[in-house]
Amino acid sequence: MNKSSIGICAVFLALSSLAAAAGAVFCQDQFLFSPGHESITVAFRQFSSLIVGDWQHYGRLFITWQPALFRQIFFWTIVSLPLVFLLHYLSIGPKSFSHQKGEVFYFGVFSRIVHWIAAVFFSLLVLTGLTMVFGKLFGGGAFVRSARYIHIISALIFAVDAPIMFLIWVKDMLPMPYDLKWFLIMGGYLSRAKRPVPAGRFNAGQKIWFWLSTLGGGFMAWTGYQMFSFDVQTEALRFAAIVHNFLGAALAGFFIIHLYMSLFAIKGSLQSMLTGYKSLEEVEILHSRYKAG
Ligand code: HEM
């Protein structure tokens with residue numbers, strides 16, 4: 001690890017600790033014990049009556065979907081995607097690129113810090129979200145309640161970080177005509193050949209992940225807040241829960257895709273998000289339309 005990576009890690013750790021400390025202070029202010037200032041039991045009773053009280057519209061959808069369908073969607077998302085990627089890794093394998101031809105500076109210090117903050121707190125959101133979805137499996141109780149608190153704190157930090165990430169990268173994430181071609185050849189990931197792929201600074205797959213994680217993250221924050229505050233009409237509350245679950249499953253799925261792509265499918269990808277540099281060969285092949293500078 002070179003000096004700049006160590007520096008980034010240090011700044012990142014300091015920022016994360018500050019954020020976590022701020023979150024803890026926030027918690028003490030009874031914020032996390034909402035809805036209102038009642039106990040969890042009272043809140044749970046209110047929630048149950050909302051769900052079983054009225055069978056109109058989203059109520060019926062909610063009752064039918066929430067327990068069975070969503071758990072299944074989440075289950076198959078987290079089981080099937082890793083299996084597909086294992087198959088891809090074993091049959092086609094990762095792509096690796098030489099650094100002999102030179103390197104391109106790709107990610108500035110600030111964007112790397114903002115990215116890693118998103119990475120840590122979004123990972124926590126996914127893990128704690130799944131803990132709540134499969135709460136019964138973990139025996140419920142204090143463990144799942146703690147997961148909920150961590151979920152809320154992580155959401156608050158992510159909600160501040162994601163808009164910054166959005167502003168840093170939005171210009172390079174706008175759709176381009178050649179993105180369609182990228183989809184038609186599945187980004188070249190189904191072949192071992194190193195043929196130039198039509199993509200700018202970011203490819204079409206990365207663009208989808210960007211829009212989903214930032215705008216989708218915004219919707220998650222909004223619907224999550226409605227469920228947390230209880231300060232909306234019953235219909236809206238149910239709608240919020242359905243959107244939160246569907247979008248949550250999509251985000252968890254794309255998160256797994258992102259992890260596979262950046263940790264396994266492209267060798268050296270992780271390094272680029274630590275040092276800021278990508279191999280020139282990788283840029284020429286995987287981002288053939290990118291003009292640095
Ligand atoms: C532990 C989790 C994560 C790891 C290891 C990781 C790793 C990486 C790496 C290595 C890259 C550079 C990819 C390349 O250009 O070669 C990258 C890019 C990026 N990451 Fe992450 N990331 C993580 C989580 C996240 C999260 C949670 C978000 C957003 C919520 C995110 C958003 C992005 C975006 C928008 C890019 C640029 C486009 C792309 O490569 O997809 N990452 N990440």
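Nothing in this text is a laboratory measurement; each read-out follows from the coordinates by a stated rule. Given the structure is predicted, the values throughout are model-derived calculations rather than measurements. Using ideal geometry, Cβ is built from the backbone for each residue, glycine included, and neighbour counts are taken over all protein chains shown.
Quick one: Karplus J couplings for the range 228-241, per residue in order, coefficients 6.51, -1.76, 1.60, θ = phi - 60°, nearest Hz, x for Gly and Pro?
Calculated HN-Hα couplings, in order: 6, 7, 6, 9, 9, 4, 3, 4, 5, 5, 5, 4, 4, 5 Hz.
For ILE266, enumerate residues with amide H under 5 Å from its amide H, sequence gap 5+ or separate chain, H modeled in the peptide plane.
Here the answer is LYS95, since their amide H atoms fall under 5 Å of that of ILE266.
Going by average Cβ neighbours within 10 Å, how do the peptides 183-194, 104-115 rank, with the highest at the top? Walk me through the numbers before you get to the answer.
Working: 183-194: 13.2, 104-115: 16.8.
Averaged packing, sorted descending, gives the order 104-115, 183-194.
How compact is the range 72-221 by the rule of thumb for globular proteins, expressed as Cα Rg over 2.2 N^0.38 Å? The partial results should precede the final answer.
Numbers: Rg = 18.5 Å, N = 150, 2.2 N^0.38 = 14.8 Å.
Cα Rg divided by the expected 2.2 N^0.38 Å: 1.25.
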